[in-house]
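Undergrad: Once you've had a glance at the structure underneath, I'll fire off some questions.
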Amino acid sequence: MSLFKKIAKAYVASEALVQDDRYHRGTIEHDEDEKSGNVNIEVNPVGSDDSKEIHYRETSKWFKLRKFLWDGTGKHPKEQKYLLKLDFFFLSSACLGYFIKNLNQSNVTTAYVNGMQEYYGMYNNQYNYVTTAFTVGYIVGQIPSNLILHRLKARYYLGTLEIIWAILTLLMITPGRGEIRSVYVLRFFVALFESAFFPGFEYLVGSNYSTAEISKRSAYIAISGVVSGIISGPLQQAILTRFKHSSIEPFKWMFIFDAIISFPIGIYTFFANPNTPSTTDVWYFTLEDKLVGLERRKKAKAQLNTRVPYSWKIVKEFFNTWHIYVFPLLFLAYNNTCAAFGNPTFQLWLKVTLQKSSYAYNTWPSVVYAVGVIITLIIFYLNDFLGGKTNVYIVSSYFIFVTFGCICLAVWDIPIGLHWLSYFLIGFPTAYGQPGIVSWMNRLLLHNDMKRNFVVVCTNTLAYVTGAWVPILVWNTNTAPEYFIGFTYTAVLAALGLVLTFLTQYLSLRDERRAKSDKESEAQSLEGSEIAGNEKESF
């Protein structure tokens, strides 16, 4: 018998959640469809007599502030306990893993302007080739990895990949002077084993949280990647100072630090990742917690059984709706426009044009990222507090800022103050563009687990397909720091992203109207049948 069915049977036997208190009163009904393997767990509220409590929640600013800061406020104590465990263990695992992987990517950029270019003789397009090798590895690994993740336990699979990734990162110190081809190979395999991480964890976020909880959790994962950008520059500066007389090139020490941090994070993933509510066997969830997880999924009208095997018939159905076509293009526009700041454009402007010291071009970009972190937290807490309905405004603002900033930088001969503003506008929004799109996608597809998983991985894959070759054409390092083609291309792509954002909003609202209309028609049909039945009975 599957764990999923064992939990459901224990649910009925123990009646663990049938309990009244001031926050929630209800009865539990259980129905198991043996043929499909699905379990239905319904919560039927019977109301509350505590009018003072209701009045307090509706009028108290303190309660609303607590609800804003943590969405578990006001929920059943058992659900609060479950949510606390989920946030502490799962979210910390996701954020730590995403942090170290982005730190490694940031370190390659930072190392390039701190000795890596001279050490490997990267005076033409070699930096873009390093990026392309990484991107190709990411593309090759993503879809197979996510199909494997759908069948294996996430904590064992992702934890093992993280440890392998740490070993490969450590091997980045082995290529000698001028051995740039070895760097290409290593970056390919680093990406290959990293490729399951982001789509995998975003899929698990959508599997464990409700629509009103997703945005800020996706934001925390994205922020952990941005924090790596904040740390990378100052850490590189500290290493350059501390290890300037080391027998190993100072920039290589960054990869050593990455590997040292990655090993314990990989081990932690084995113990902290909960899998999905229907497959969880993690140590910190009691049987009662597992039942709460299933009940939450049922209340959210999400698919409970996450182990349905893929088939060609099922996959073909995914292509019958707009999500598989629009979201990949929208995320591609976001992901590829991030290169305007993700490449060392700002650092090289500080280094080459303004002739700033290594302290300046290593640390000042961190200020831009820090502002992005603060703004991201504010807007996504607001988004969840307002019911997750503001994604369209969040995503569109990203594309507007980037379009304006890149147009200014493409012109280039602009006042220095406008230069600073433009780099700021293409830098800080990168923190919130990703969670804005991914949480939107997770919320709209919550009811279909397999489709959500498939769309998430396809969305991420397409973004990296273009990222494998476009940078070589548009971000040619020979044109640094002006990058006229790069900034022009990014401005056009960001404008397209803005159009796709409005299209996504239009289509999602259209689906809501159709679903509401179908529901009303069904209700009217049911009501008509009942009336006809009553008339027949009377006759």
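The values are calculated or read from the model by the stated rules, or taken from the named source; none is laboratory data. These figures come from a predicted structure and were not determined experimentally. Because the Cβ atoms are built from the backbone with ideal geometry, glycine has one as well, and the counts that use them run over all protein chains shown. All accessible areas refer to the heavy atoms of the entire protein, side chains included, with ligands and DNA or RNA removed. Shrake-Rupley method; radii C 1.70, N 1.55, O 1.52, S 1.80 Å.
Undergrad: Please verify whether SER228 is of a type in the set (Gly, Ala, Ser) and either within 26 Å of LEU147 (Cα to Cα) or under 20 Å from the mean Cα position of the chain (by Cα) (or both), treating the condition exactly as stated.
TA: yes
Undergrad: Report, by residue number, each residue of region 281-292 that is surrounded by fewer than 23 Cβ atoms within 10 Å (Cβ to Cβ) and either of a type in the set (D, E, K, R) or under 21 Å from the mean Cα position of the chain (by Cα) (or both).
TA: The answer is ASP281, GLU288, ASP289.
Undergrad: Filter region 332-363 for residues that are assigned to a helix (DSSP H, G or I) and of a type in the set (A, V, I, L, M) and give the result.
TA: LEU332, ALA333, ALA339, ALA340, LEU348, LEU350, VAL352, ALA360
Undergrad: Select, from ARG181, ARG177, the only residue that is of a type in the set (D, E, K, R), part of a loop (DSSP other than H, G, I, E, B), open to solvent by 40 Å² or more (accessible area, probe 1.4 Å) and farther than 20 Å from ASN460 by Cα.
TA: ARG177
Undergrad: Right, PHE271: farther than 30 Å from PRO175 by Cα, surrounded by fewer than 18 Cβ atoms within 10 Å (Cβ to Cβ) and modelled with pLDDT of 90 or more or not?
TA: yes
Undergrad: Could I ask something else about it? Determine whether region 460-478 contains at least one residue that is in a helix (DSSP H, G or I), modelled with pLDDT of 85 or more, open to solvent by 10 Å² or more (accessible area, probe 1.4 Å) and not aliphatic (A, V, I, L, M).
TA: no
Undergrad: While we're on this one: Search region 242-256 for residues being in a helix (DSSP H, G or I) and of a type in the set (A, V, I, L, M, F, W, C), and hand back the single one that is most open to solvent (accessible area, probe 1.4 Å).
TA: It comes out as TRP253.
Undergrad: Which residues, taken from region 405-425, are surrounded by fewer than 16 Cβ atoms within 10 Å (Cβ to Cβ) and in a helix (DSSP H, G or I)?
TA: Scanning region 405-425 gives VAL411, ILE416, GLY417, LEU418, TRP420, LEU421.
Undergrad: Is it true that some residue in region 434-447 is hydroxyl-bearing (Ser, Thr, Tyr), closer than 21 Å to CYS95 by Cβ, in a helix (DSSP H, G or I) and open to solvent by less than 10 Å² (accessible area, probe 1.4 Å)?
TA: Yes, region 434-447 contains at least one residue that is hydroxyl-bearing (Ser, Thr, Tyr), closer than 21 Å to CYS95 by Cβ, in a helix (DSSP H, G or I) and open to solvent by less than 10 Å² (accessible area, probe 1.4 Å).
Undergrad: Which pairs have Cβ atoms under 6 Å, sit 6 or more apart or on different chains, and link a residue in region 379-390 that is closer than 14 Å to ASN442 by Cβ to one that is part of a helix (DSSP H, G or I) and open to solvent by 30 Å² or more (accessible area, probe 1.4 Å)?
TA: GLY388/ARG443
Undergrad: Let me ask something else about it. Sort through TRP253, TRP322 and tell me the only one that's within 19 Å of LYS101 (Cβ to Cβ) and not polar (S, T, N, Q).
TA: After applying the criteria, what remains is TRP253.
Undergrad: PHE428 versus (1) in contact with a helix residue (DSSP H, G or I) (Cβ under 6 Å, 6 or more places away or on another chain); (2) in contact (Cβ under 8 Å) with a residue 24 or more places away in the chain; (3) open to solvent by 30 Å² or more (accessible area, probe 1.4 Å): which is the lone unmet condition?
TA: (3)
Undergrad: Continuing with this model, one more query. Select from region 361-395 the residues that are among the hydroxyl-bearing types (Ser, Thr, Tyr), surrounded by 24 or more Cβ atoms within 10 Å (Cβ to Cβ) and closer than 26 Å to LYS64 by Cβ and list them in ascending order.
TA: THR376
Undergrad: For region 278-298, which residues satisfy the criterion of being among the hydrophobic types (A, V, I, L, M, F, W, C) and assigned to a helix (DSSP H, G or I)?
TA: LEU287, LEU291, VAL292, LEU294
Undergrad: So, one more: Grab the helices (runs of 4 or more DSSP H) fully contained in region 58-145, keeping just those with 1 or more residues being open to solvent by 10 Å² or more (accessible area, probe 1.4 Å) and more than 28 Å from THR276 (Cβ to Cβ).
TA: Of the helices (runs of 4 or more DSSP H) lying wholly inside region 58-145, those with at least 1 residues that are open to solvent by 10 Å² or more (accessible area, probe 1.4 Å) and more than 28 Å from THR276 (Cβ to Cβ) span 61-69, 92-111, 117-120.
Undergrad: Among the candidates ALA238, ALA259, single out the residue that is small (Gly, Ala, Ser), open to solvent by 30 Å² or more (accessible area, probe 1.4 Å), in a helix (DSSP H, G or I) and farther than 23 Å from ASN391 by Cα.
TA: That would be ALA238, the only listed residue that is small (Gly, Ala, Ser), open to solvent by 30 Å² or more (accessible area, probe 1.4 Å), in a helix (DSSP H, G or I) and farther than 23 Å from ASN391 by Cα.
Undergrad: Quick one: which of ALA515, ALA495 is at pLDDT 75 or above, part of a helix (DSSP H, G or I) and within 28 Å of TYR423 (Cβ to Cβ)?
TA: On inspection, the qualifying residue turns out to be ALA495.
Undergrad: When the residues of region 184-216 are filtered to those that are β-branched (Val, Ile, Thr) and under 13 Å from the mean Cα position of the chain (by Cα), which remaining residue is surrounded by the most Cβ atoms within 10 Å (Cβ to Cβ)?
TA: Once the filter is applied, the top-ranked residue is ILE214.
Undergrad: Scan region 336-363 for residues that are free of Cβ contacts under 8 Å to residues at least 60 places away in the same chain and of a type in the set (D, E, K, R) and report the count.
TA: Selection size over region 336-363: 1.
Undergrad: Next question, about the same structure. Out of (1) hydrophobic (A, V, I, L, M, F, W, C); (2) closer than 30 Å to ASN448 by Cα; (3) in contact with a Ser or Thr (Cβ under 9 Å, 6 or more places away or on another chain), what's the single condition that is false for ALA259?
TA: (2)
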